[in-house]
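Everything below concerns the one structure shown next.
The values are calculated or read from the model by the stated rules, or taken from the named source; none is laboratory data. Predicted model, so just to flag it, every value in this text is computed and none were measured. For neighbour counting, all protein chains shown are included, and Cβ atoms are generated from backbone atoms with ideal geometry for every residue, glycine included.
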């Protein structure tokens, strides 16, 4: 049994269709460079128990076993990569982690083709977690087995229920960002996030990502983030961008508690 993570970028197709070929090459080069740099910083390039493979805008990470130590390595890497990718590459990420059978098979028949195939139920499960459950936003998704390990053994991480499937299974996510992250370097991550969301006209992915960031924060802290977002949009973008933010906020499904907090924020600012 091994642990496999499949990670994909959000909005990549839309991004590359709006830029020229050379710019698209630079986007991919930057993304892969950040992956390599982080991998080296964590000294995984000298660790024979964890492996990674990139292709286009996606990434597979897999381990040699399913121990808690191996899971911690993957979670540590993803927690850092999600932050780096959104701030350095303008690419939010979403992916799944699964435990099961997995093999990386060297392909030696063709000397002029890239070698290597991946096969196994763990890869399929991780891929389907990311692609088949209509989950919105930049999230790290997994099932109960990983959720239980996080709650019992990894106090540095957290896990919360995300979705109950028709078969009764529950999907969980590991929140990878919070208010402390958004406020780093004078709110630079929040500024980048607002820029990406505004240029996308505030599609629902960004509200679900915002929900991941601040779902466990106090009402006061949530209101402060709303205030920062509104001020950033007013200062840096067109007047109708604020309309997009407010209108799409209330149109987005699946963020009931976040909507309640935003409604409370608006009510406090209405003068009677």
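Summary of values
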quantity	calculated
Residues located in region 159-180, provided they are touching a residue at least 24 places away in the same chain (Cβ under 8 Å) and surrounded by fewer than 16 Cβ atoms within 10 Å (Cβ to Cβ)	160, 163, 165, 169, 170
Sole residue being over 18 Å from the mean Cα position of the chain (by Cα) and not assigned by TED's automatic domain parsing to the domain that holds residue 128, chosen from 154, 250	250
Hey, residue 64 modelled with pLDDT under 95, surrounded by fewer than 16 Cβ atoms within 10 Å (Cβ to Cβ) and on the phi < 0 side of the Ramachandran plot or not	yes
The one condition in (1) more than 18 Å from the chain's Cα centre (by Cα); (2) modelled with pLDDT under 90 that residue 27 fails to fulfil	(1)
Residue match in region 36-43 (condition: touching a residue at least 40 places away in the same chain (Cβ under 8 Å) and under 17 Å from residue 70 (Cα atoms))	yes
Residue satisfying all of: in region 126-141; crowded, with 21+ Cβ neighbours inside 10 Å and out of contact with any helix residue (DSSP H, G or I) (no Cβ under 7 Å at 6 or more places or on another chain); farthest from residue 10 (Cα to Cα) among these	126
Selection count, region 118-138, where residues are modelled with pLDDT under 75 and part of a loop (DSSP other than H, G, I, E, B)	3
Qualifying residue in region 186-207 (condition: on the phi > 0 side of the Ramachandran plot and in a helix (DSSP H, G or I))	yes
Close pairs from region 9-32: first farther than 22 Å from residue 83 by Cβ, partner at pLDDT 75 or above, Cβ under 6 Å, at least 6 apart	16/24
Residue within region 165-176 that is touching a helix residue (DSSP H, G or I) at 6+ places or on another chain (Cβ under 9 Å) and more than 22 Å from residue 10 (Cβ to Cβ) present	yes
Some residue of region 264-271 being farther than 22 Å from residue 183 by Cβ, more than 23 Å from the chain's Cα centre (by Cα) and in a loop (DSSP other than H, G, I, E, B)	yes
So residue 238, is it without any contact (Cβ under 8 Å) to a residue 12 or more places away in the chain and out of contact with any strand residue (DSSP E or B) (no Cβ under 7 Å at 6 or more places or on another chain)	yes
Residue in region 195-215 that is over 21 Å from the mean Cα position of the chain (by Cα), touching a residue at least 40 places away in the same chain (Cβ under 8 Å) and either surrounded by fewer than 18 Cβ atoms within 10 Å (Cβ to Cβ) or assigned by TED's automatic domain parsing to the domain that holds residue 135 (or both) present	no
Output for region 163-190, where each listed residue is more than 13 Å from residue 138 (Cβ to Cβ) and in contact with a strand residue (DSSP E or B) (Cβ under 7 Å, 6 or more places away or on another chain)	163, 164, 165, 170, 171, 172
Helices (runs of 4 or more DSSP H) wholly inside region 7-97 that include at least 2 residues being in contact with a strand residue (DSSP E or B) (Cβ under 6 Å, 6 or more places away or on another chain) and over 22 Å from residue 189 (Cα atoms)	68-88
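Residues checked against (1) under 21 Å from residue 137 (Cα atoms); (2) in contact with a helix residue (DSSP H, G or I) (Cβ under 8 Å, 6 or more places away or on another chain); (3) surrounded by 15 or more Cβ atoms within 10 Å (Cβ to Cβ):
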position: 10; (1), (2), (3): yes, yes, yes
position: 14; (1), (2), (3): yes, no, no
position: 21; (1), (2), (3): no, no, no
position: 25; (1), (2), (3): no, no, no
position: 28; (1), (2), (3): yes, no, yes
position: 38; (1), (2), (3): no, yes, yes
position: 43; (1), (2), (3): no, no, no
position: 46; (1), (2), (3): no, no, no
